[in-house]
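As structure tokens, the structure follows; a few thoughts come after it.
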Amino acid sequence: MSEKAYIKLNNTELELPILTGTENEKAIDITKLRDQSGYITLDAGFKNTGATKSAITFLDGERGILKYRGYNIEDLAERSTFLEVAYLLIYGDLPSKDRLEEFRTDIKSKMMVHEDMKMFFAGFPSKSHPMGQLSCLVGALSAFYPESLNPNMSEEEEYKTIINLIGKMPTIVSWIQKKSLGHPVVYPKKDWGYIDNFMNMIFGEVNCDKVFDDAVLDAMRVLLILHADHEQNCSTSTVRIVGSSNANLYASVSAGINALWGPLHGGANQAVIEMLEDIKNDGGDVNKYITKAKDKNDPFRLMGFGHRVYKNFDPRARIIKKACDDVLEKLGVNDPVLDIAKQLEQAALSDQYFIDRKLYPNVDFYSGIIYRALGFKSDMFTVLFALGRLPGWIAQWKEMRDNKEPIGRPRQLYIGETEREYVPLDKR
Ligand code: CMC
């Protein structure tokens, strides 16, 4: 017998269906609630609201489980490649060897960015934040590929748009890095892989390719895979909601980049390293900062701690912590903030405030230390998060389209003035 939920509204009882996901998650279906009763539900921050049914990513915050299309994140991080994971997320299954090769080749052939894009890119002040530049440039791609504006584009046109964006994103990110240094851009190489091409465009120089330690390329691979999707978070929900108006992929992803920028979301990775630096420069007293984080009159929060969904541990943080130790050791880097990070983690994990609220280090706590060891400036960290998250945003945008989901349009409970008489300015 299928389960039902009942709502008693004054003297009327309404029966609501209960839906069960493949991992046994339960949802009360309120789709018809307003039509049947005139009532809406109120849930600030969507803490209890499922906005969609999705077959892309499963995460269990209590047990610290994260799977992409049914594959454990630990296995993918250990053995897969970023483009294989991208294909898996977007198209639902792991590709065959030939299909993956074709996908890679298609993406590599799209890594060049139209030279005209450089003209307005040149107008950004060199000190402008990389995330602002990234969202503008990704949105601007729509001007160069007007065929992608058609909401009824064919599957083939959709595929071309997808590989175009995956191909161009690393090149655009590298332009932003080079501009901040005042250096000329390095063009992508046809025969190189996605990650070594990206790293060369970032750290190489014109006519002087950079050779990277395998440990560096591997750390980058792991970081990109770990960030590739995370179900209905703030930026992904933004991508889906913007796309639900039939806005094109570039516009939808550009909006997602802006949502990611905030320090409560992807911007936390930059905020963490700045916080660790501040603690170090302030004498390294981690307990002082733990006390600040607990003080409700102090706006300070422990950046890189806490998560809306993970209430036990963030499996990505575990993998990253290990990758961080490995890469620092292999590169022989001795970063003093790593020590501060470890002390802070220890102190927070044994503090009752953090225990009671189930606050654990999240993905951003250690990622910045690795990015820094690889040579990235801290304001580039969130851009790297965006590069990793791109396949997830695309997969979610595509799923929303394939499911023909309605335009996203929440309701509200109006609490403003009711009726007021307007008095013209000269009579007030
Ligand atoms: N430091 C101190 N207290 C905290 C923190 C923190 N980092 N995070 C949550 N709390 C407290 C919060 O004050 C509240 O306490 P109380 O119940 O006494 O009022 C309680 O814990 C619950 O917090 P919340 O803000 O209601 O939880 P949320 O689910 O709305 O927010 C969060 C989740 C990630 C925004 C929040 O934990 C936070 O601000 N963390 C720091 C920023 C951060 O690291 N963000 C990256 C998240 S992971 C990357 C991503 O996927 O975006």
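The values are calculated or read from the model by the stated rules, or taken from the named source; none is laboratory data. Fair warning: this is a prediction, and the values are worked out from it, not measured in the lab. Here the Cβ is made from the backbone with ideal geometry for all residues, glycine too, and neighbour counts use every protein chain on show.
Structure notes:
- In segment 404-412 there is at least one residue matching the filter, namely being in a loop (DSSP other than H, G, I, E, B), among the β-branched types (Val, Ile, Thr) and away from the ligand (no atom under 13 Å from the Cβ).
- Between Val253, Val242, the distinction of being touching a Ser or Thr at 6+ places or on another chain (Cβ under 6 Å), β-branched (Val, Ile, Thr) and not assigned by TED's automatic domain parsing to the domain that holds Gly61 belongs to Val242 only.
- Those helices (runs of 4 or more DSSP H) lying entirely in segment 306-401 with at least 2 residues surrounded by fewer than 19 Cβ atoms within 10 Å (Cβ to Cβ): 315-331, 336-349, 352-356
- Identification of helices (runs of 4 or more DSSP H) wholly contained in segment 116-230 with 2 or more residues that are crowded, with 19+ Cβ neighbours inside 10 Å yields 130-144, 155-181, 194-203, 214-226.
- Every test in (1) over 22 Å from Phe103 (Cα atoms); (2) in contact (Cβ under 8 Å) with a residue 60 or more places away in the chain; (3) of a type in the set (Asp, Glu) is passed by Glu205 save one, and that test is (2).
- For Lys292, the criteria (1) in a loop (DSSP other than H, G, I, E, B); (2) free of Cβ contacts under 8 Å to residues at least 40 places away in the same chain hold in every case but one, which is (1).
- Residue list for segment 101-115, restricted to those being in a loop (DSSP other than H, G, I, E, B) and touching a residue at least 40 places away in the same chain (Cβ under 8 Å): Ser109, Lys110, Met111, Met112, Val113
- Breaking point among (1) surrounded by 14 or more Cβ atoms within 10 Å (Cβ to Cβ); (2) within 30 Å of Asp93 (Cβ to Cβ), for Ile28: (2)
- Scanning segment 272-305 for residues being of a type in the set (A, V, I, L, M, F, W, C) and out of contact with any Asp or Glu (no Cβ under 8 Å at 6 or more places or on another chain) gives a total of 8.
- Residues in segment 349-369 include none that are modelled with pLDDT of 90 or more and more than 16 Å from the ligand (Cβ to nearest atom).
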